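A quick write-up on the structure given underneath.
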Amino acid sequence: MNYFEYTHALVCADVPRSVINGLSLDKHEPVDYELAKKQHEAYLKTLEDSGLNLIRFSSNENHPDCVFVEDTCIALGNKVFITNPGAESRRNEVLVVKSKLEQVSRELNLQIASVQNTSSSFIEGGDCMFTGKEFIIGISTRTNQQGIDEFKSFFKEYPVTVCQVAEGLHLKSFMSMVLPGVIIISQTKEAKLIEEQILSKSIFASEYQFVKVDENCAANVLAFNRNILTCMEYESMYLNKDDLDKHKRFRVENSEFKKIHFYKSNIHQFF
């Protein structure tokens with residue numbers, strides 16, 4: 001399997017107007033809905049122009065956060081695990097996502113599983129990061145050990161390193177993958193605590209390389225098919241980062257979505 005190489009991306013086709021009321025850990029400036037729409041359209045066009053086939057489902061005004069697709073399913077190869085979000089208001093989103101994936105499962109030869117104990121097992125995709133060798137999963141306000149255990153039973157072939165995420169929304173609020181084995185991570189106190197856990201717990205710790213940036217948001221990039229997608233707002237932080245320069249770069253604006261969920265990889269799921 002060629003990790004970080006994909007043919008399809010599951011995305012929300014549009015942005016619900018209710019996104020302005022999306023979940024957030026902090027108070028933030030009001031979301032400019034029209035600008036958010038334009039930024040989302042540009043993002044989808046960038047994915048499509050890169051050669052990906054987009055699997056689209058329509059937004060739902062009852063699901064303000066439905067554009068943040070990554071939290072609802074975790075995919076690797078042809079295996080897809082439908083999550084059970086820790087945020088109660090997001091749990092019905094997975095029904096739409098599961099239905100759409102089932103529609104294309106025969107064409108894409110997908111093997112789909114779901115959280116079984118939905119009353120006590122919680123997991124969101126924003127807490128799950130595949131490194132090319134293992135999954136690193138954060139226990140956060142949205143993901144618990146029971147959810148991780150159900151995930152592990154489906155992806156038995158991959159090791160899992162579990163870290164505590166004491167602050168922030170998700171594990172990926174602080175880091176993401178640049179290349180297999182190369183992690184871009186912020187230098188904030190919270191991120192350093194997670195890095196220490198990875199280095200002390202992971203059996204692959206000595207094989208990982210960390211690329212440091214100053215802010216949490218800048219540490220979330222999107223690597224796929226030898227491309228990398230970054231947000232224009234943090235361009236100055238990527239100067240002299242050789243690992244990022246190994247990719248073809250796509251730059252997008254993310255000013256409105258970062259007010260809510262902070263990071264860009266949350267708006268898709270690759271297959």
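A few notes on this one:
- Residue in segment 248-261 that is out of contact with any helix residue (DSSP H, G or I) (no Cβ under 8 Å at 6 or more places or on another chain) and exposed (fewer than 15 other Cβ atoms within 10 Å of the Cβ) present: yes
- Here ILE194 meets the list (1) part of a loop (DSSP other than H, G, I, E, B); (2) crowded, with 18+ Cβ neighbours inside 10 Å almost entirely, failing just condition (1).
- Hits in segment 142-175 (condition: closer than 16 Å to PHE204 by Cα and not aromatic (Phe, Trp, Tyr)): GLU157, PRO159, VAL160, THR161, VAL162, CYS163
- Any hit, segment 232-243, residues being touching a Cys at 6+ places or on another chain (Cβ under 8 Å) and either under 23 Å from ASN53 (Cβ atoms) or free of Cβ contacts under 8 Å to residues at least 12 places away in the same chain (or both): no
- When each of LYS27, LYS38 is tested for being surrounded by fewer than 16 Cβ atoms within 10 Å (Cβ to Cβ) and within 17 Å of CYS231 (Cβ to Cβ), the lone residue that passes is LYS38.
- Among residues of segment 127-141 that are over 14 Å from PHE204 (Cβ atoms) and of a type in the set (Asp, Glu), none has a Cβ under 6 angstrom from a residue that is modelled with pLDDT under 95 and open to solvent by 10 Å² or more (accessible area, probe 1.4 Å) at a sequence gap of 6+ or on a separate chain.
- Test: residue in segment 232-247 that is hydrophobic (A, V, I, L, M, F, W, C) and either crowded, with 22+ Cβ neighbours inside 10 Å or at pLDDT 90 or above (or both): no
- Some residue of segment 168-176 being open to solvent by 50 Å² or more (accessible area, probe 1.4 Å) and outside any strand (DSSP E or B): no
This table checks each residue for (1) open to solvent by less than 50 Å² (accessible area, probe 1.4 Å); (2) within 17 Å of ILE194 (Cβ to Cβ); (3) aliphatic (A, V, I, L, M).
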| position | (1), (2), (3) |
| --- | --- |
| VAL115 | yes, no, yes |
| PHE122 | yes, no, no |
| MET129 | yes, yes, yes |
| PHE135 | yes, yes, no |
| THR143 | yes, yes, no |
| GLU150 | yes, no, no |
| SER153 | no, no, no |
| VAL160 | yes, yes, yes |
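- Checking every residue in segment 195-216 against the condition of being under 16 Å from the mean Cα position of the chain (by Cα) and either on the phi < 0 side of the Ramachandran plot or not acidic (Asp, Glu) (or both) gives at least one match.
- Test: residue in segment 83-98 that is open to solvent by 50 Å² or more (accessible area, probe 1.4 Å), within 23 Å of ASN254 (Cα to Cα) and under 17 Å from the mean Cα position of the chain (by Cα): no
- Close pairs from segment 160-175: first closer than 20 Å to VAL221 by Cα and without any contact (Cβ under 8 Å) to a residue 40 or more places away in the chain, partner part of a loop (DSSP other than H, G, I, E, B) and aromatic (Phe, Trp, Tyr), Cβ under 8 Å, at least 6 apart: VAL165/PHE174
- Residues within segment 40-94 that are of a type in the set (Lys, Arg) and over 23 Å from HIS170 (Cβ atoms), tallied: 2
- Residues satisfying the stated conditions in segment 83-120, i.e. in contact with a Pro (Cβ under 8 Å, 6 or more places away or on another chain) and touching a residue at least 60 places away in the same chain (Cβ under 8 Å): SER89
The values are calculated or read from the model by the stated rules, or taken from the named source; none is laboratory data. Keep in mind that what you see is a predicted model, and the values were worked out from it rather than measured. Cβ coordinates were reconstructed from backbone atoms using ideal geometry, including for glycine residues, and neighbour counts include every protein chain displayed. Keep in mind that these areas ignore ligands, DNA and RNA; they rest on the heavy atoms of the full protein, side chains included. Shrake-Rupley method; radii C 1.70, N 1.55, O 1.52, S 1.80 Å.
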